[in-house]
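**Q** What follows is a single structure, and I will ask about it in a moment.
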Amino acid sequence: MSAAFLPAAELADRYARRSLSPVEVTRELLERIDRLDPQLRAWITLTPERAMDQARAAEAAIGRGEAPSPLCGVPVGIKDLIDVAGVRCTSGSRVRADHVPKRDAFVVERLARAGAVCLGKQNLHEFAYGVTSTNEAFGVCRNPWSMDRVPGGSSGGAGVALAAGMTPLAIGTDTGGSIRIPAAACGVVGLKPTFGLVSRRGVFPLAWSLDHVGPMARTVADAAALLAAIAVHDPEDPWCAEAPTEGFAGATDLRGRRFGLLGAPLFADAEPVVASAVEEAAGTLESLGALRVDLDTASLQHAYTAFHAMLATEASAIHERTLRERPREYSALTRQALARGFMVSAVDYVHARREQARVQRSLERMLEEAEVLIAPSLPRTAPPIGEPMSREPAEAWNRWMPPFNLSGHPALSLPCGFDREGLPIGLQIVGRAFEDGRVLGWGAAYERETDWNQRRPAGFEREQTRAVDL
Amino acid sequence: MSDLPETAEHVRRTLRERGLDLDDVAEPIAPGVDSLRARIRAVADRLGVDDAPRPPRARARRS
């Protein structure tokens with residue numbers, strides 16, 4: 001059988017029973033990537049030697065009965081703005097095409113310590129500043145569910161690689177939805193953790209006040225296991241909180257527990273197929289004994305504006321020097337986005353920060369009425385490659401995600417259906433600060449009742465490789 | 001639309017003042033800049049002086 005679509009938890013189980021080997025699984029996935037990636041462009045740099053060395057070390061550790069974690073020998077992809085020592089880290093841009101970091105990012109250190117196998121660096125929207133992953137410099141990322149559609153972004157390579165069975169795990173970043181957008185568009189699972197839960201040391205920033213690092217996987221349980229490996233206090237990251245870092249596999253008995261369905265006016269114009277999928281998901285949660293509360297979202301209506309002002313100004317501050325020295329190395333769209341930030345005044349930025357505080361308070365009040373909030377991840381399924389993307393609040397594809405980047409609350413996206421063209425639909429579950437495990441528990445309970453995450457893009461499931469059963 | 005050329009010129013001038021050679025983007029981003037500034041002004045108008053910001057990190061750590 002092929003290991004291509006096995007969850008990390010099953011790989012670990014099979015490793016322990018000696019029915020699969022980390023070395024053979026790593027080799028199979030690297031071969032699969034070689035075969036599929038010329039079309040999908042999910043990866044920028046592969047690290048096969050490092051991967052095979054780590055796989056051999058993992059296999060030896062398992063053989064001695066000394067596996068350091070459930071991720072021992074499990075392959076993982078790393079977004080190419082997260083440092084891996086000695087491996088170029090492009091941030092998806094010609095501007096940093098030759099940058100080779102000397103030290104691993106904190107999350108990469110943690111994964112190595114857990115015994116995970118780093119397959120390589122994954123494609124993204126240039127500097128994570130966009131939602132399509134249509135990358136001029138390193139290849140246009142394509143959605144395995146329909147090759148003429150975007151996979152979402154900015155962590156698009158991760159979404160594609162998970163959906164196409166190239167890796168069971170990936171690390172993404174999320175400033176305005178960049179983990180949850182590709183998770184939703186590619187039919188996989190992605191968690192933006194609570195702000196401050198996961199260290200950002202060694203991760204190239206997009207906007208310091210909004211950036212999050214988090215796990216992506218094909219199952220909620222795998223996302224929880226990956227989060228457990230990386231959510232450890234980092235004393236070198238001043239933004240990293242000293243929070244509880246255990247218990248991410250939250251309770252799945254939903255009886256008597258409340259969820260809030262985010263409704264009008266903000267969450268009001270989803271495509272009908274998306275709206276009905278989320279309504280059905282709410283029904284599934286109720287069938288599990290959960291209690292529904294319908295919530296008005298008038299207080300969140302200006303969240304996108306505050307987000308946009310903060311994102312634009314912080315990103316422009318980060319890029320000011322290179323934009324002055326080498327403007328033509330940026331793609332035209334990134335240059336435009338960065339130029340926009342210089343047009344926001346300091347006074348406007350302060351107003352945006354004040355609105356951020358207001359949005360946060362408003363969400364906290366909602367989360368007193370309900371343990372979690374649910375909403376569609378995206379108002380529509382993946383658009384065609386090349387379609388212009390708006391940054392206007394009423395039109396932006398990611399418009400329902402930035403409120404939770406502003407507030408810092410944990411937000412999960414997981415599959416909740418498909419449209420008539422077979423494109424995935426995502427459900428967002430949002431929880432209280434540092435209750436990431438509880439959010440994952442709700443997600444796991446929903447996932448167990450449905451089979452959305454069992455479906456595979458046509459052509460990719462049949463794309464089997466040689467048997468790896470030992 | 002009537003003030004668009006003026007906005008584009010304002011964008012061009014502001015970028016040049018910062019030493020940024022980005023004349024090519026002034027025209028395409030002008031409408032978006034206009035819209036963003038108008039929206040921020042609307043947000044500011046809604047905020048009272050008592051709506052003081054509270055740092056998200058500090059609040060998150062307390063919880």
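**Q** Mind checking which residues of the range A:45-97 are among the charged types (D, E, K, R), buried (at least 24 other Cβ atoms within 10 Å of the Cβ) and touching a Ser or Thr at 6+ places or on another chain (Cβ under 9 Å)?
**A** Listed by number, the residues that qualify are A:79, A:80.
**Q** Residues of the range A:177-215 being surrounded by 24 or more Cβ atoms within 10 Å (Cβ to Cβ), away from chain B (no Cβ under 14 Å) and part of a loop (DSSP other than H, G, I, E, B), which ones?
**A** Residues satisfying the conditions are A:177, A:178, A:179, A:187, A:188, A:204, A:206.
**Q** Quick test of your reading of the structure: residue A:387 fulfils all but one of (1) within 27 Å of residue A:334 (Cβ to Cβ); (2) within 14 Å of chain B (Cβ to nearest Cβ); (3) surrounded by fewer than 23 Cβ atoms within 10 Å (Cβ to Cβ); (4) of a type outside the set (Lys, Arg). Name the failing condition by number.
**A** Residue A:387 satisfies every listed condition except (2).
**Q** Also, I was wondering about something else. Among the charged types (D, E, K, R) and more than 26 Å from residue A:198 (Cα to Cα): is that true of residue A:103 in this structure?
**A** no
**Q** Return the residues of the range A:440-463 that are basic (Lys, Arg) and either crowded, with 19+ Cβ neighbours inside 10 Å or under 17 Å from residue A:289 (Cα atoms) (or both); say none if nothing qualifies.
**A** Passing the criteria: A:448, A:456.
**Q** Pick from A:292, A:255: which is farther than 30 Å from residue B:12 by Cβ, part of a loop (DSSP other than H, G, I, E, B) and away from chain B (no Cβ under 11 Å)?
**A** Testing whether each residue is farther than 30 Å from residue B:12 by Cβ, part of a loop (DSSP other than H, G, I, E, B) and away from chain B (no Cβ under 11 Å) leaves just A:255.
**Q** Is there a residue in the range A:54-71 that is hydroxyl-bearing (Ser, Thr, Tyr), touching a helix residue (DSSP H, G or I) at 6+ places or on another chain (Cβ under 8 Å) and either more than 25 Å from residue A:149 (Cα to Cα) or assigned to a loop (DSSP other than H, G, I, E, B) (or both)?
**A** yes
**Q** Ok, one more. Going by the conditions given, is residue A:231 surrounded by fewer than 23 Cβ atoms within 10 Å (Cβ to Cβ), in contact (Cβ under 8 Å) with a residue 40 or more places away in the chain and not basic (Lys, Arg)?
**A** Taking the combined requirement at face value, the residue does not satisfy it.
**Q** May I pose another question? Filter the range A:18-32 for residues that are in contact with a Leu (Cβ under 8 Å, 6 or more places away or on another chain) and either surrounded by fewer than 23 Cβ atoms within 10 Å (Cβ to Cβ) or assigned to a loop (DSSP other than H, G, I, E, B) (or both) and give the result.
**A** Answer for the range A:18-32, where residues must be in contact with a Leu (Cβ under 8 Å, 6 or more places away or on another chain) and either surrounded by fewer than 23 Cβ atoms within 10 Å (Cβ to Cβ) or assigned to a loop (DSSP other than H, G, I, E, B) (or both): A:18, A:19, A:20, A:21, A:24, A:30.
**Q** Would you point out which residue out of A:340, A:335, A:324 is of a type outside the set (Asp, Glu), part of a helix (DSSP H, G or I), over 27 Å from the mean Cα position of the chain (by Cα) and facing chain B (nearest Cβ under 7 Å)?
**A** A:324
**Q** Can I ask one more? Could you list all residues from the range A:84-97 that are in contact (Cβ under 8 Å) with a residue 24 or more places away in the chain, out of contact with any Phe, Trp or Tyr (no Cβ under 8 Å at 6 or more places or on another chain) and within 24 Å of residue A:168 (Cβ to Cβ)?
**A** A:84, A:87
Bear in mind these aren't lab numbers, they're just calculated from the coordinates by the rules spelled out. The structure presented is a predicted model; accordingly, all values stated were derived computationally and were not measured. Backbone-built Cβ (ideal geometry, glycine too); neighbour counts: all protein chains shown.
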